[in-house]
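Right, one structure below, let's go through it.
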Amino acid sequence: MKLDSIDELTRTHYSSDITAELDSKKVTLLGWVQEIRDLGGIRFIILQDRTGTIQVTIPKKKVSAEILTKSDLIQKRYSISIKGIVKETKMSPRGVEVIPKEIRILGTAAAQLPIDITGKTPANIESRLDARSLDLCLEQNVAIFTIQHHALEAIRNVLFKKGFLEVHTPRIIASATEGGAELFAVDYFGKKAFLAQSPQLYKEQLVMSLEKVFEVGPFFRAEESHTRRHLSEFVSVDIEQAFSDARGVMSLLEQVIRQVCYDVNRNCKKELDILNHSLKVPSVPFKSVTYDQVLIDLKKEGSEIEWGEDLSTEALRVLAKIYPEFYFITEWPTISKAFYIKPCKTIPEKCEGFDLMWKWIELVSGGSRIASKKLLIERLKQKELSPKSFEHHLKAFEYGMPPHAGWAIGLERLTMLLTGKQNIREVTLYPRDRTRLTP
RNA sequence: GCCUUGGUAGUAUAGUACGGCCUAGUAUAAGCGGCUGUCGCCCGCUAGACCCGGGUUCGAAUCCCGGCCAAGGCGCCA
């Protein structure tokens with residue numbers, strides 16, 4: 001098919017801008033054909049763009065032959081332009097429709113699409129991800145990523161206002177550092193390198209110079225996790241702050257989370273509605289419980305965990321029934337946390353690390369960091385990590401490392417709670433998991 | 001990595017307990033035709049599928065074995 005030119009074509013309105021006030025006005029719309037309903041003498045084309053849909057109505061006997069011929073060619077998912085007149089009418093879904101004066105076909109699409117884009121026959125997650133570029137056209141998916149955008153905007157706004165600088169640390173690193181998660185190995189000009197699992201060490205070093213930093217970016221974990229809340233590549237929102245401790249960054253975190261919920265509620269009413277999800281703005285401070293208290297609570301519920309152990313998924317599900325949606329777990333056993341988390345002064349078996357839970361999912365983890373090189377080396381050894389492979393990082397602790405603290409939010413997990421989605425892959429544009437590497 | 005469940009047209013499902021009325025049903029999508037107010041439009045027609053390999057049997061979508069793939073749970077991890 002010969003396509004029409006986009007020359008001298010400027011969108012005047014998005015579909016959501018078309019309201020009754022524009023009655024009789026001329027508009028230029030750009031978008032995709034979501035649906036065609038042809039009743040014989042009248043044809044309805046549902047035009048979709050990022051903001052929603054608008055009905056284009058073609059009364060066949062009243063429009064020009066040119067319009068009619070053009071609209072005969074149109075199929076689902078074609079990208080088209082419509083120049084036309086807005087008409088207020090009670091008979092259309094939104095009380096307005098557009099009567100076209102010019103139609104251009106700007107792009108075509110296959111007749112048989114791999115998934116149903118109108119949602120009449122919903123596809124399962126596998127089919128959807130296989131056809132992800134098309135799947136993302138569904139208004140629910142546009143809503144999810146619009147919400148994620150606003151959430152991130154809210155996070156950035158709070159952090160900028162508090163004087164944080166946005167930074168970018170390396171994704172390619174020399175050695176398997178933090179311990180814990182498995183890393184992906186890459187070939188770096190013949191040397192063995194790894195994809196970073198977190199910006200932890202770099203952001204700590206940066207507090208010596210930039211004082212308050214944050215980073216938003218992807219990180220990689222080569223864990224063979226098979227759950228609804230894990231990805232091999234995920235986006236982390238990391239902050240690190242000089243001259244602060246866990247208490248300080250927890251308070252900042254509360255403000256961030258509260259602002260995110262507030263802004264998403266205010267700016268994404270339509271999106272939340274599309275997702276049929278309601279979002280409460282949590283009150284601060286959040287409920288905070290110690291690890292010791294958690295063990296007592298679990299015991300009452302018949303679930304016993306030995307002190308020092310991490311909390312099992314089963315245990316977290318039990319806790320979700322006891323505590324509100326957002327709650328902190330503090331004073332973890334030092335042994336259960338990463339080497340850089342600062343032990344408590346009085347009881348070194350406990351540490352100043354914390355997790356922010358949302359129901360049974362760990363949303364954020366953070367804490368006060370160790371600023372003493374000597375102590376850090378001790379902790380590395382306890383964790384059976386070699387101080388030698390942390391040589392460069394340890395050097396920084398000779399150059400004036402201030403007391404500092406920080407945290408990291410899992411952006412996809414945050415998006416899950418904001419959108420009410422149960423599977424992290426639904427809130428990831430192109431998820432990477434144990435088995436999926438494409439698209 | 002372990003466990004459970006599953007794999008039927010483009011998509012989503014019925015059928016599998018107990019092999020044979022399955023020449024595999026239905027919805028939706030697709031193609032063709034009809035219809036002037038649809039909004040999950042409607043009506044008619046057309047075409048479209050049993051994951052792969054082996055086995056049992058007169059006969060396998062259905063039972064058995066192996067493989068591959070997926071979903072969910074656990075573990076790991078955040």
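The values are calculated or read from the model by the stated rules, or taken from the named source; none is laboratory data. Predicted model, so just to flag it, every value in this text is computed and none were measured. Neighbour counts run over all protein chains shown; Cβ positions are idealised from the backbone, glycine included.
The table that follows gives values for the structure above.
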quantity	calculated
Elements of type helices (runs of 4 or more DSSP H) contained in the stretch A:23-136, each with 1 or more residues being more than 8 Å from RNA strand B (Cβ to nearest atom) and either farther than 30 Å from A:Tyr430 by Cβ or under 34 Å from the mean Cα position of the chain (by Cα) (or both)	A:65-73, A:132-135
When residues of the stretch A:202-226 are limited to those that are touching a helix residue (DSSP H, G or I) at 6+ places or on another chain (Cβ under 8 Å) and within 16 Å of RNA strand B (Cβ to nearest atom), the one nearest to A:Pro403 (Cα to Cα)	A:Glu204
Which numbered condition A:Asn157 fails, given (1) more than 25 Å from A:Asp273 (Cα to Cα); (2) in contact with a helix residue (DSSP H, G or I) (Cβ under 8 Å, 6 or more places away or on another chain); (3) touching a residue at least 40 places away in the same chain (Cβ under 8 Å)	(1)
Residue satisfying condition, being surrounded by 15 or more Cβ atoms within 10 Å (Cβ to Cβ), touching a His at 6+ places or on another chain (Cβ under 7 Å) and not aliphatic (A, V, I, L, M), within set A:Thr428, A:Thr419	A:Thr419
Every residue from the stretch A:288-311 that is surrounded by fewer than 16 Cβ atoms within 10 Å (Cβ to Cβ) and within 16 Å of RNA strand B (Cβ to nearest atom)	A:Glu301, A:Gly302, A:Glu304, A:Glu306, A:Trp307, A:Gly308, A:Glu309, A:Asp310
Check on A:Glu314, touching a helix residue (DSSP H, G or I) at 6+ places or on another chain (Cβ under 9 Å), free of Cβ contacts under 8 Å to residues at least 40 places away in the same chain, within 16 Å of RNA strand B (Cβ to nearest atom) and acidic (Asp, Glu)	no
Tally, over the stretch A:227-253, of residues that are away from RNA strand B (no atom under 14 Å from the Cβ) and buried (at least 19 other Cβ atoms within 10 Å of the Cβ)	9
Helices (runs of 4 or more DSSP H) wholly inside the stretch A:337-439 that include at least 1 residues being under 14 Å from the mean Cα position of the chain (by Cα) and not small (Gly, Ala, Ser)	A:411-419
Single residue of the stretch A:3-22 satisfying the filter (hydroxyl-bearing (Ser, Thr, Tyr) and in a loop (DSSP other than H, G, I, E, B)) that is nearest to A:Thr146 (Cα to Cα)	A:Tyr14
Wholly within the stretch A:200-315, helices (runs of 4 or more DSSP H) carrying at least 2 residues that are under 25 Å from A:Pro348 (Cβ atoms) and more than 19 Å from the chain's Cα centre (by Cα)	A:200-206, A:246-267, A:291-300
Residue identified as in contact with a Cys (Cβ under 9 Å, 6 or more places away or on another chain) and either within 30 Å of A:Gln259 (Cα to Cα) or charged (D, E, K, R) (or both) among A:Ala143, A:Ala196	A:Ala143
Members of the stretch A:1-22 found to be surrounded by 14 or more Cβ atoms within 10 Å (Cβ to Cβ) and touching an Asp or Glu at 6+ places or on another chain (Cβ under 6 Å), listed by number	A:Tyr14, A:Ser15
Qualifying residue in the stretch A:161-174 (condition: assigned by TED's automatic domain parsing to the domain that holds A:His404 and within 16 Å of RNA strand B (Cβ to nearest atom))	yes
Long-range neighbours under 9 Å by Cβ, at least six apart or interchain, first residue in contact (Cβ under 8 Å) with a residue 12 or more places away in the chain within the stretch A:373-399, second acidic (Asp, Glu)	A:Lys373/A:Glu398; A:Leu385/A:Glu178; A:His393/A:Glu204; A:Ala396/A:Glu204
Set A:Tyr327, A:Tyr291: member being hydroxyl-bearing (Ser, Thr, Tyr), more than 26 Å from A:Ile155 (Cβ to Cβ) and modelled with pLDDT of 95 or more	A:Tyr291
Filter result for A:Gly107 (closer than 30 Å to A:Asp433 by Cα and surrounded by fewer than 16 Cβ atoms within 10 Å (Cβ to Cβ))	no
Count of the stretch A:325-336 residues which are touching a Lys or Arg at 6+ places or on another chain (Cβ under 8 Å) and in a strand (DSSP E or B)	4
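For every residue, the table says whether it meets (1) within 29 Å of A:Lys287 (Cα to Cα); (2) among the hydrophobic types (A, V, I, L, M, F, W, C).
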{"position": "A:Met208", "(1), (2)": "no, yes"}
{"position": "A:Lys212", "(1), (2)": "yes, no"}
{"position": "A:Val216", "(1), (2)": "yes, yes"}
{"position": "A:Glu240", "(1), (2)": "yes, no"}
{"position": "A:Ser251", "(1), (2)": "yes, no"}
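Okay, residues lined up against (1) at pLDDT below 95; (2) more than 30 Å from A:Gly420 (Cβ to Cβ):
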{"site": "A:Glu66", "(1), (2)": "yes, yes"}
{"site": "A:Gln75", "(1), (2)": "no, yes"}
{"site": "A:Tyr78", "(1), (2)": "no, yes"}
{"site": "A:Met91", "(1), (2)": "yes, yes"}
{"site": "A:Gly95", "(1), (2)": "yes, no"}
{"site": "A:Ala111", "(1), (2)": "yes, yes"}
{"site": "A:Thr118", "(1), (2)": "yes, no"}
{"site": "A:Leu136", "(1), (2)": "no, no"}
{"site": "A:Asn141", "(1), (2)": "no, no"}
